[in-house]
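Structure, as structure tokens:
The values are calculated or read from the model by the stated rules, or taken from the named source; none is laboratory data. Quantities reported herein were computed from a predicted structural model and do not represent experimental measurements. Ideal geometry is used to build each Cβ from the backbone, glycine not excepted, and the neighbour counts take in all protein chains shown. Surface areas here come from the heavy atoms of the whole protein model, side chains and all, with no ligands, DNA or RNA. Shrake-Rupley method; radii C 1.70, N 1.55, O 1.52, S 1.80 Å.
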Amino acid sequence: MVAIEKSCEVFSGVDRVWGLISDTDKDQEYWGAIRDIRVLRREGNTIVREASVGPRAFARRSVQTIVFDPKKSIELTLYGESMVGRRRITLVPMGGKSTRVDVSWNLEVKDVPGFVEGVVRG
């Protein structure tokens, strides 16, 4: 299991930050390991999609469920033959025009070359 926790403060208000991170159709621009996204369905605050995940030569298809808690958090759960896990992005207003963005990943990488775990951590 790979666990990654990162935070950063963004000098922008929650509304603007939410506008960027909630546009999951652009995930390929921000998350380098995600590509070839195809939305299967949208229902309320939930999106179910397929995407390729991983370095190009080893990318595998996964099914991803994304649940939005508007202006608070986005939780992505992925299920694939080589990777399963969860990513949670949480917005924390810091007062004024500043927002802390907390990102938590918990991933299990399986049936891939050993160096791929290092790529995932990177």
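Might you let me know whether the range 41-49 holds any residue that is surrounded by fewer than 18 Cβ atoms within 10 Å (Cβ to Cβ) and either touching a helix residue (DSSP H, G or I) at 6+ places or on another chain (Cβ under 6 Å) or modelled with pLDDT under 95 (or both)?
no
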**Complete:** Checked against (1) assigned to a strand (DSSP E or B); (2) modelled with pLDDT of 95 or more; (3) not aromatic (F, W, Y), I4 satisfies every condition except (2)
**Prompt:** Within the range 44-63, how many residues turn out to be closer than 26 Å to D15 by Cβ, assigned to a loop (DSSP other than H, G, I, E, B) and touching a residue at least 12 places away in the same chain (Cβ under 8 Å)?
**Reply:** 1
**Asked** Using beta carbons and a limit of 7 Å, which pairs, at least six apart or on different chains, have the first residue in the range 64-79 and under 23 Å from S52 (Cα atoms) and touching a residue at least 12 places away in the same chain (Cβ under 8 Å) and the second one part of a strand (DSSP E or B) and small (G, A, S)?
**Response** Q64/A51; L78/S62; L78/G85; Y79/S62
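Residue-by-condition table, conditions (1) within 23 Å of M1 (Cα to Cα); (2) among the polar types (S, T, N, Q); (3) in a helix (DSSP H, G or I); (4) more than 13 Å from the chain's Cα centre (by Cα):
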residue: V17; (1), (2), (3), (4): no, no, yes, yes
residue: Q28; (1), (2), (3), (4): no, yes, yes, no
residue: R38; (1), (2), (3), (4): no, no, no, yes
residue: R42; (1), (2), (3), (4): no, no, no, yes
residue: T65; (1), (2), (3), (4): yes, yes, no, no
residue: E75; (1), (2), (3), (4): yes, no, no, no
residue: L78; (1), (2), (3), (4): yes, no, no, no
residue: R88; (1), (2), (3), (4): yes, no, no, no
residue: K97; (1), (2), (3), (4): no, no, no, yes
**Message:** I want to confirm something. Restricting to the range 96-122 and keeping residues that are open to solvent by 50 Å² or more (accessible area, probe 1.4 Å), closer than 27 Å to V14 by Cβ and not charged (D, E, K, R), which single residue is modelled with the highest pLDDT?
**Reply:** N106
**Message:** Pull out all pairs, ordered by first then second residue, where Cβ-Cβ is under 7 Å, the residues are six or more apart or on different chains, the first lies in the range 1-22 and is open to solvent by 80 Å² or more (accessible area, probe 1.4 Å), and the second is polar (S, T, N, Q).
**Reply:** M1/N106; E5/S104; E9/S98; F11/S98
